[in-house]
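Trainee: Pasting a structure here, questions to come.
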Amino acid sequence: QVQLVESGGGLVQVGGSLRLSCTASGDTICISTMGWYRQAPGKERELVASITSGGSTHYVDSVKGRFTISQDNAKITVNTVYLQMNRLKPEDTAVYYCNADSRSCVGYDYWGQGTQVTVSS
């Protein structure tokens with residue numbers, strides 16, 4: 001089992017910054033990739049950024065150059081992933097969800113509870 005705890009959402013003005021954190025605990029050795037997804041009202045959930053256990057990163061085009069994903073996985077049973085969001089835009093407004101991909105190990109993903117990010121213009 002993996003437990004995910006998110007923090008860092010909130011309200012920010014256009015052009016501002018926020019940093020999201022997601023701490024995974026438990027069977028973190030089974031996690032191959034951690035990522036951040038977001039879902040805006042009336043839209044499908046989309047992958048924003050991801051990072052593999054080896055440190056390879058991926059970003060959706062709309063956040064490239066503005067968002068940075070990083071992780072601290074030095075401990076065996078705790079892995080924290082961060083999403084630094086700069087130059088925020090109103091279209092970044094959404095609920096952001098942390099994801100831990102453990103499908104290669106247990107056959108399914110884990111999801112955080114979600115954290116609201118609101119960018120006001």
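Trainee: So which residues in segment 20-51 are on the phi > 0 side of the Ramachandran plot and open to solvent by 50 Å² or more (accessible area, probe 1.4 Å), if there are any at all? Reasoning before the result, please.
Mentor: Taking segment 20-51 and keeping what is on the phi > 0 side of the Ramachandran plot, we get 26, 42.
Residue satisfying the conditions is 42 alone.
Trainee: I'd like the residue in segment 1-14 that is of a type outside the set (Val, Ile, Thr), assigned to a loop (DSSP other than H, G, I, E, B) and in contact with a Leu (Cβ under 7 Å, 6 or more places away or on another chain) and, out of all such residues, is surrounded by the fewest Cβ atoms within 10 Å (Cβ to Cβ).
Mentor: Of all residues in segment 1-14, those of a type outside the set (Val, Ile, Thr) come to 1, 3-4, 6-11, 13.
With assigned to a loop (DSSP other than H, G, I, E, B) added as a condition, the list becomes 1, 8-9.
Then keep just the ones that are in contact with a Leu (Cβ under 7 Å, 6 or more places away or on another chain); that gives 8-9.
On the way: 8: 16, 9: 19.
Result: 8.
Trainee: Within segment 81-97, is even one residue without any contact (Cβ under 8 Å) to a residue 60 or more places away in the chain, of a type in the set (D, E, K, R) and open to solvent by less than 40 Å² (accessible area, probe 1.4 Å)?
Mentor: Yes.
Trainee: State whether one or more residues within segment 113-120 are surrounded by 14 or more Cβ atoms within 10 Å (Cβ to Cβ), under 15 Å from residue 22 (Cα atoms) and not polar (S, T, N, Q).
Mentor: Yes, there is a match, as at least one residue in segment 113-120 is surrounded by 14 or more Cβ atoms within 10 Å (Cβ to Cβ), under 15 Å from residue 22 (Cα atoms) and not polar (S, T, N, Q).
Trainee: All but one of (1) more than 11 Å from the chain's Cα centre (by Cα); (2) open to solvent by less than 70 Å² (accessible area, probe 1.4 Å) hold for residue 54; which doesn't?
Mentor: (2)
Trainee: Could I ask something else about it? What pairs come out if I take residues in segment 101-119 that are without any contact (Cβ under 8 Å) to a residue 60 or more places away in the chain and pair them with residues that are part of a loop (DSSP other than H, G, I, E, B) and open to solvent by 100 Å² or more (accessible area, probe 1.4 Å) whose C-beta lies under 9 Å away, six or more apart or interchain?
Mentor: Sorted first by the residue in segment 101-119, then by its partner, the pairs are 109/103.
The values are calculated or read from the model by the stated rules, or taken from the named source; none is laboratory data. Being a predicted model, the structure only gives us computed values, none of them experimental. When we count neighbours, we look across all protein chains shown, and the Cβ atoms used for this are built from the backbone with ideal geometry, even at glycine. Just so you know, the surface numbers come from the protein's heavy atoms only, side chains and all, with ligands and any DNA or RNA stripped out. Shrake-Rupley method; radii C 1.70, N 1.55, O 1.52, S 1.80 Å.
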